[in-house]
Every structure is written in structure tokens, then in C-alpha cells.
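The values are calculated or read from the model by the stated rules, or taken from the named source; none is laboratory data. Computed from a predicted structure; not experimentally measured. Cβ coordinates were reconstructed from backbone atoms using ideal geometry, including for glycine residues, and neighbour counts include every protein chain displayed. Only protein heavy atoms, including side chains, enter the accessible area calculation; ligands, DNA and RNA are left aside. Shrake-Rupley method; radii C 1.70, N 1.55, O 1.52, S 1.80 Å.
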Amino acid sequence: ALAACGLPVLGLNMRMGDTAGCAADPARADAARRDIDAALEVATRIGAGAVHVLAGRVAADPAAKAAYKAALRHALEAGDRVILIEPICHAAIPGYFLHSLDQALRILREIDHPRLKIMFDCYHIETEHGDVAARLRGCVADVGHVQIASVPGRAEPETGAGATLDYARLLPQIVAAGYGGAFGCEYRPAGTVEAGLGWRDALRGAPHP
């Protein structure tokens with residue numbers, strides 16, 4: 001299907017299951033490695049550039065952090081894909097281990113591998129921290145993928161003065177900061193996907209750096 005459409009797959013998740021992954025769960029280290037290996041196999045077979053290693057719902061304690069770092073090192077050693085980690089706000093997944101950008105950056109610094117990057121989801125970062133543009137500028141070299149949605153509804157990206165995140169302004173700022181990758185549209189349509197695509201027309205008229 002991908003070949004017929006001429007579409008690439010930029011990345012994929014490891015298995016989420018009922019716990020949004022399990023890589024930070026010390027009791028499920030073997031399952032995490034199996035899920036990572038399975039995701040890497042699929043990614044290699046279809047040419048996906050990245051695999052997102054999901055931490056899961058687990059208490060943010062030293063044992064969980066050690067388990068997560070071990071799983072990430074396994075992912076980096078087991079394949080040649082970019083490995084992504086995504087801070088997910090408490091509002092979206094209560095109890096998720098990796099909930100803040102600062103926490104994610106500390107893990108990146110401690111592992112120190114060029115293929116370990118952050119999946120920067122504007123919805124999660126704005127909801128958890130605020131000031132998305134400044135946050136992105138501060139870590140743009142560590143960002144492997146950017147995702148967009150409205151805040152607080154997580155529906156179609158909004159534009160204009162009334163939007164919490166005005167993507168007509170924000171996306172050019174992200175590009176100007178040095179991000180050269182794709183923007184993933186991870187949102188829940190307010191109606192049908194097709195009916196909600198008007199936001200793209202608004203962005204086409206936005207100034208670009």
C-alpha cells in the first residue's frame with residue numbers, strides 16, 4: 001500500500017498495550033525488549049526512520065528510570081533507527097512515567113547517543129509547561145519529530161488571535177529555530193477528518209521565514 005501511494009513511514013510506536021508501553025517498568029524488562037525488537041523489525045522492513053519507545057504508566061522512581069534507560073540502550077544497540085522518547089502530559093495519560101521535557105532531556109544527556117531524540121508534541125508541552133516556542137528553541141538540536149494539535153481540546157490545529165497555540169505563527173518559529181523535519185498531525189478531529197482540514201488553508205497563507 002505504501003509503495004502504491006508513494007508514501008514513506010516516518011516512524012512508528014512500539015506496542016502500547018493497556019499501559020502505554022512498558023519500557024520503564026522494571027518488572028517487564030523482557031517484554032519491553034521483545035516489543036522494541038518487534039517494532040525495529042517492522043521499521044526496518046518498511047523503511048520507517050524512527051521508533052518511539054513508550055515508557056508506560058509506572059511510578060517515576062530510580063528503578064523505573066534505570067529500566068527505561070536500559071530499554072533505550074537496547075533499542076539503540078539492536079537497530080539503526082532513530083529512537084524517539086515523548087514527554088506525555090499528565091492530563092493525557094495520568095501516571096505516565098515520562099511526563100516532562102526536562103525529564104526527557106536529562107535522559108538524553110545521560111545516555112548521550114546521536115540517534116536518541118525527543119518527539120516534541122506541542123499539545124503535551126504546552127499543557128505541561130507552556131511557552132512551546134521557547135521550549136522548542138532551547139532543545140531544537142535534540143528534537144527528532146514534532147507533532148501538533150490544538151490546546152486544550154487536542155483537535156485540529158488552530159490559527160488566529162483567539163488560539164492558545166496559533167500555528168500560523170508557531171510553525172514558522174519552529175522552522176526558524178532550526179527544525180527541518182516533518183510535522184505530524186496528532187489530533188482528534190472535531191468532526192470528520194475531511195471537514196476539519198480547513199486549518200491547512202489558513203497555514204498556506206502564513207508568512208514563512
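Relative to the present Cα-Cα distance, how much length would full extension add between Arg45 and His129 at 0.36 nm per residue of separation?
Values: separation 84, 0.36 × 84 = 30.24 nm, distance 3.69 nm.
Extra length available between Arg45 and His129 comes to 26.5 nm.
In nm, to one decimal, how far is the modelled label at Glu194 from the one at Ala70, with both set 7 Å along Cα→Cβ?
5.1
Can you list the HN-Hα couplings for region 50-62, worked out from phi with the Karplus curve (6.51, -1.76, 1.60; θ = phi - 60°), rounded to whole Hz and with x for Gly and Pro?
8, 10, 8, 9, 7, 6, x, 7, 7, 4, 7, 10, x
Return an integer: the convex hull volume of the alpha-carbon atoms of the chain, in Å³ per residue.
Residue-normalised Cα hull volume stands at 131 Å³.
Please work out how much length the chain gains when fully extended from Ala59 to Arg15, using 0.36 nm per residue of separation minus the C-alpha to C-alpha distance, in nm with one decimal.
13.9 nm
Leaving out ligands and nucleic acids, and using a 1.4 Å probe, what accessible area per residue does region 27-160 come to in Å²?
Per residue, region 27-160 has an accessible area of 40 Å².
Between Asp121 and residues 5 or more places away or on another chain, which pairs have amide H atoms under 5 Å apart, with H built 1.01 Å from N, and which residues are they?
Distant-sequence amide H within range of Asp121: Gln147.
If each of His90 and Ala4 carries a label point 7 Å out from its Cα toward its Cβ, how far apart are those two points in nm?
4.7
Given axes a ≥ b ≥ c from the Cα gyration tensor, I'd like to know whether region 82-177 is rounded (a/c under 1.5), prolate (a/b larger than b/c) or oblate.
oblate
Would you mind working out the magnitude of the charge dipole of the chain relative to its Cα centre, with +1 at each Lys and Arg C-beta and -1 at each Asp and Glu C-beta, to the nearest 20 Debye?
The calculation lands at about 280 debye.
Suppose the chain between Ala176 and Arg137 were pulled fully straight at 0.36 nm per residue; how much longer would it get relative to their current alpha carbon spacing? Mind dumping the intermediate values first?
Numbers: separation 39, 0.36 × 39 = 14.04 nm, distance 0.91 nm.
Extra length from Ala176 to Arg137 when fully extended: 13.1 nm.
To the nearest Å, what is the center-to-center distance of region 165-205 and region 90-141, using C-alpha atoms only?
When both Cα centres are located, 19 Å separates them.
In a GNM of the chain with a 10 Å cut-off on Cα contacts, which of Ala78, Ala64, Ala20 has the highest mean-square fluctuation?
Of Ala78, Ala64, Ala20, the most mobile in the Gaussian network model is Ala78.
Work out how far the C-alpha atoms of region 62-131 reach from end to end along every principal axis, then list the three figures in whole Å, largest first.
33, 24, 18 Å, listed from the longest principal axis down.
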